[in-house]
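Nothing in this text is a laboratory measurement; each read-out follows from the coordinates by a stated rule. Values in this document were obtained by computation on a predicted structure and should not be read as measured data. FYI the Cβ positions are ideal-geometry reconstructions off the backbone, even for glycines, and counts take in every protein chain you see.
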Amino acid sequence: MKVSPTGPLHCLMALIGEAPGAEEEQIGVPFVGASGQELTRMLSEAGIERKHCYLTNLFDTRPATLRAEAEGPFFDSLGNPNSLDHLSANKKECLSYAPDYQLPPLSSGKYLHPRYVIPALGRLQREVSGVQTNLLVALGGTALWALTGHAQITKFRGYTTTSTLLPVRKVLPTFHPAAILRSWEDRVVMVMDLLKGKRESAFPEIRRPERRIWLLPTIPDLIDFERHIQRGWDEGCLLSFDIENPRGFIDCISLAPRTDLSLVVPFYDPRREGKSYWTEEEERFVVRWLKRILETPKPKVGQNGLFDIQVLLSEWGIRVRGYQEDTMIAHHALYPELQKSLGFMGSVWTDEIAWKQLNPRRGRMKMEKRDE
């Protein structure tokens, strides 16, 4: 039995899941089972009335039922009629059915068979195109995959992005409520995502913070930037600093005297002979410059800054003074049950892009600094 979408076409937000379950198939309405009831409660806690939301799924039929309708009766060894494994295949099988198949995998080596997913994507695209809303909420990795081509919900949840299925539409990924029933500790995170969704539903565009970042500086740039640092202190701001040392030595250090301005001071440069950004004389000057700034008693802030402080001391003999605030410790003091990584905190407290996924070297290099 097909499950029809529900909710107004002019709505606060459109919530998109994976596929209906047993209760949904029986009643013909999405999100009415245990996970749907939990979704209603979480929406309410975020100040959102379900009746103001449009609800649908990528697949409008249970996976096992959909496969049986297409192929006839089959021996089911999976034991879970809701599993997408019923609709999955390897890349070779997909290409043999549709030679121009180019959809990315749901996970390593796991592709949705074009027989099932191409009609489903077409239906979802036509359906949601007629919905007037500023925000699409992807509930779980499959909905995120359908809307954006990404499937790693834990890495992208909480960050707004643009849909590839429905260009220009704004997407906010979060967990599927069924996943919350299995991992109750993520419930508070999903409620926070829905709170963010309520704010994002007020406007159609993606709004990012405006920032100026000084890259590839010269020595005169550092001297010039010191004026901005002093001005920030004069205005009562804290100087933020952060190091990166994935190779066991400091690759770069960044300084931010305000929320909209920062400087990145590189030391490692793979493009240059010897891999050093500065000449030996220049580097001595830069370290002395950093020492003068960081050893002043003026107020400073960092993320897990105790790590940076001990590295700066052991590597360059810089004794950081005036360290007053730590964003990781402050966040953990307020919400000890939540993750403390910078990526997670960025998804909750900022409107940034999912910048942790932009580093092409990520995963190939052991990261020495930990945010936990």
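Assigning unit charges at the beta carbon (Lys, Arg +1; Asp, Glu -1) and nothing else, what dipole magnitude in debye, to the nearest 20, does the range 212-357 show about its Cα centre?
The calculated dipole for the range 212-357 is roughly 220 debye.
Run the numbers on the range 13-200 and let me know its relative contact order in percent, using alpha-carbon pairs under 8 Å that are six or more apart. Spell out each step's value before the answer.
Working: 290 pairs, mean separation 46.7, N = 188.
This gives 25 percent for the range 13-200.
Assuming a strict under-30 Å limit between Cα atoms, what lysine pair count do you get for the range 13-200 once near-sequence pairs (fewer than 8 apart, same chain) are dropped?
16
Looking at the range 114-156 from every direction and averaging, what is the projected area of its Cα convex hull in nm²?
So the Cα hull casts an average projection of 3.3 nm².
Write down, largest first, the equivalent ellipsoid semi-axes of the range 212-357 in whole Å, where each equals the square root of 5 times an eigenvalue of the alpha-carbon gyration tensor.
25, 18, 16
Using a Gaussian network for the chain with springs between C-alpha atoms less than 10 Å apart, which of these wobbles most: Ala98, Ala89, Ala120?
With Cα springs under 10 Å in the chain, the top fluctuation among Ala98, Ala89, Ala120 is at Ala98.
Which order results if Thr162, Thr40, Thr279 are arranged by neighbouring Cβ count within 10 Å, fewest first? Intermediate results must be reported in sequence, preceding the final value.
Numbers: Thr162 14, Thr40 18, Thr279 10.
Lowest count first: Thr279, Thr162, Thr40.
If you take every DSSP beta bridge whose two residues both sit in the range 212-357, what share of them, in percent to the nearest 5, is antiparallel?
Roughly 60 percent of the beta bridges in the range 212-357 run antiparallel, per DSSP.
Where in the range 98-126 does the label zone of Lys2 land, with the point 7 angstrom along Cα→C-beta and an amide N cut-off under 14 Å?
Counting only backbone N, you get 119-126.
Using Cβ counts within 10 Å as a stand-in for footprinting exposure, how do Lys298, Lys196, Lys51 rank, fewest first? Spell out each step's value before the answer.
Numbers: Lys298 18, Lys196 22, Lys51 12.
The most exposed by this proxy come first: Lys51, Lys298, Lys196.
If you average 1/r over every pair of different alpha-carbon atoms in the chain and take one over that average, what Kirkwood value in Å do you get?
Value: 23.5 Å, from the Cα pair sum.
In the P(r) worked out for the range 13-200, what percent of Cα pairs fall beyond 28 Å?
Above the 28 Å cut-off, the range 13-200 has 22 percent of its Cα pairs.
Could you identify which residue out of Leu222, Leu239, Leu166 has the top mean-square fluctuation in a GNM of the chain using Cα springs shorter than 10 Å?
Largest GNM mean-square fluctuation: Leu222.
Running a GNM on the chain with Cα contacts under 10 Å, which residue among Glu200, Glu45, Glu273 ends up with the highest mean-square fluctuation?
Among Glu200, Glu45, Glu273, the largest GNM mean-square fluctuation belongs to Glu273.
Taking +1 at the Cβ of each Lys and Arg and -1 at the Cβ of each Asp and Glu, which of Pro257, Ile318, Ile229 sits farthest along the dipole of the range 212-357 towards its positive end, judged by Cα position relative to the Cα centre?
Ile318
If we count other beta carbons within 10 Å of each Cβ, what is the order of Asp260, Asp326, fewest first?
Fewest-to-most Cβ neighbours within 10 Å comes out as Asp260, Asp326.
On a full-extension model of 0.36 nm per residue, what is the gain between Gln132 and Gln37, subtracting their alpha-carbon distance, rounded to one decimal in nm?
Numbers: separation 95, 0.36 × 95 = 34.20 nm, distance 2.45 nm.
The Gln132-Gln37 span can extend by a further 31.8 nm.
What is the antiparallel percent of DSSP beta bridges lying wholly in the chain, to the nearest 5? Walk me through the numbers on the way to the answer.
On the way: 17 of 38 bridges.
Roughly 45 percent of the beta bridges in the chain run antiparallel, per DSSP.
Provide the packing ranking of 24-31, 56-63, i.e. peptides ordered by the mean count of other C-beta atoms within 10 Å per residue, highest first.
Top of the packing list down: 56-63, 24-31.
Under the definition of Cα pairs under 8 Å and six or more residues apart, what whole-number percent is the relative contact order of the range 158-203?
Dividing the mean separation by the residue count of the range 158-203 yields 29 percent.
Sequence-distant or interchain residues sharing an amide H contact under 5 Å with Leu15, placed H: which?
Correct list: Tyr54, Leu55, Thr56, Val137.
Given Cα pairs under 8 Å that are at least 6 residues apart, what percent is the relative contact order of the range 212-357?
Rounded, it is 18 percent for the range 212-357.
Let me have the 222 nm mean residue ellipticity of the chain computed from DSSP H runs of 4+ only, each contributing -39500 (n - 2.57), with the sum over all residues rounded to the nearest 500.
Mean residue ellipticity, 222 nm, calculated: -11000 deg cm²/dmol.
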